[in-house]
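Novice: What follows is a single structure, and I will ask about it in a moment.
The values are calculated or read from the model by the stated rules, or taken from the named source; none is laboratory data. Keep in mind it's a predicted model, so treat the numbers as computed, not measured. We place every Cβ from the backbone using ideal geometry, glycine too, and count neighbours over all the protein chains shown.
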Amino acid sequence: MSSTQHFYEPRLGHGLAHDPFNAIVGPRPIGWISTRNAQGALNLAPYSFFNAFNYVPPIVGFSSIGHKDTVRNVEATGEFVWNLVTRPLAEAMNQTCAAVGPEVDEFALAGLTPVASRLVAPPRVRESPVSFECRCTQIVQLQTAAGSTVPSWLVLGEVVGVHIATCLLVDGVYDTAAAGHVLRGGGPGDYFTIGPEQLFRLFRPQ
C-alpha cells in the first residue's frame, strides 16, 4: 500500500473524476422503497444511502437527497416497505430510478408486481425474496456541523413485518451469499454482488 495520500476538504472539492465518498462508504445495500400516497397511488424508488441502525426493535433508514415523492408519501402515511434488490432484479431496480412524475407507477414502469403487505398499506415487490414492512419512527432533515440545513431527509422506520423466501433459510440461518444481494459503490455506474467466494467467518472473543 502506498504511503502517499490524496487529502481534500469536501467543502473545497475533491479534485477527482468522481466523488470518492460514495465509493469508500460501500458497497452499501440498496434501499428499494415502496410507498403509497394519501390517494393510494404507488411509488417505488431505490436509495443508495440505506442501512440498518438497531436490533431490538429492528430499525432501518434511508436518506433522500431532495424532498422526493417517497419522503412525502412516508410523511403522509407513516409507512414504507424495503425490498431486497438481487442480481436478477438489478435492471428493474434501475428502471425505477427514472425521473417521472408522482402519477407514474414505477411497479408498472419496471414490469414488477405489487403484492399486499400484511401490516402496512404500501405493497411489497413480489419478485423480491426479502421485504421489510416498516412504520416510520423519525424523519430528520440533515444539518451541517455549523447547524445549517441540508436538502436531504433521513427517514427511519421500525421493521414490523419481515418476509423471507424460505429457500434462503438454511438450517434456520439466512444465506446472504445465495440471495445474490446487489450493493452500491465505486463509480457512477458501479454495483457489486455477494457470493460464497466472499464469505469468511470471524467470531467475537468470549
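Novice: Being in contact with a Leu (Cβ under 8 Å, 6 or more places away or on another chain) and of a type in the set (A, V, I, L, M) is the filter; apply it to region 22-42 and report the residue that is surrounded by the most Cβ atoms within 10 Å (Cβ to Cβ).
Specialist: So, considering only residues that are in contact with a Leu (Cβ under 8 Å, 6 or more places away or on another chain) and of a type in the set (A, V, I, L, M), the one surrounded by the most Cβ atoms within 10 Å (Cβ to Cβ) is 33.
Novice: Is there a residue in region 105-124 that is modelled with pLDDT under 95 and not hydrophobic (A, V, I, L, M, F, W, C)?
Specialist: yes
Novice: In region 162-206, which residues are surrounded by 14 or more Cβ atoms within 10 Å (Cβ to Cβ) and among the polar types (S, T, N, Q)?
Specialist: Once the filter is applied, which keeps residues that are surrounded by 14 or more Cβ atoms within 10 Å (Cβ to Cβ) and among the polar types (S, T, N, Q), region 162-206 yields 176, 193.
Novice: Scan region 89-98 and give yes if some residue there is in contact with a strand residue (DSSP E or B) (Cβ under 9 Å, 6 or more places away or on another chain) and over 12 Å from residue 45 (Cα atoms), otherwise no.
Specialist: Scanning region 89-98 turns up at least one residue that is in contact with a strand residue (DSSP E or B) (Cβ under 9 Å, 6 or more places away or on another chain) and over 12 Å from residue 45 (Cα atoms).
Novice: Does residue 117 satisfy the criteria of being over 13 Å from residue 32 (Cα atoms), polar (S, T, N, Q), free of Cβ contacts under 8 Å to residues at least 60 places away in the same chain and surrounded by 15 or more Cβ atoms within 10 Å (Cβ to Cβ)?
Specialist: In short, yes.
Novice: Moving on to the next point. Starting from region 183-206, keep only residues that are under 21 Å from residue 20 (Cβ atoms), then list their pairs with residues that are among the acidic types (Asp, Glu) whose Cβ atoms are within a distance under 8 Å, requiring at least 6 positions of separation or different chains.
Specialist: As it stands, the answer is 184/190, since those pairs meet every condition given.
Novice: Moving to a separate point now. Identify all residues within region 1-21 that are modelled with pLDDT of 90 or more and either assigned to a strand (DSSP E or B) or in contact with a Pro (Cβ under 7 Å, 6 or more places away or on another chain) (or both); write none if there are none.
Specialist: Correct list: 14 only.
Novice: Quick one: which strands (runs of 3 or more DSSP E) sit completely within region 22-66 and have at least 3 residues that are among the β-branched types (Val, Ile, Thr)?
Specialist: Those strands (runs of 3 or more DSSP E) span 59-65.
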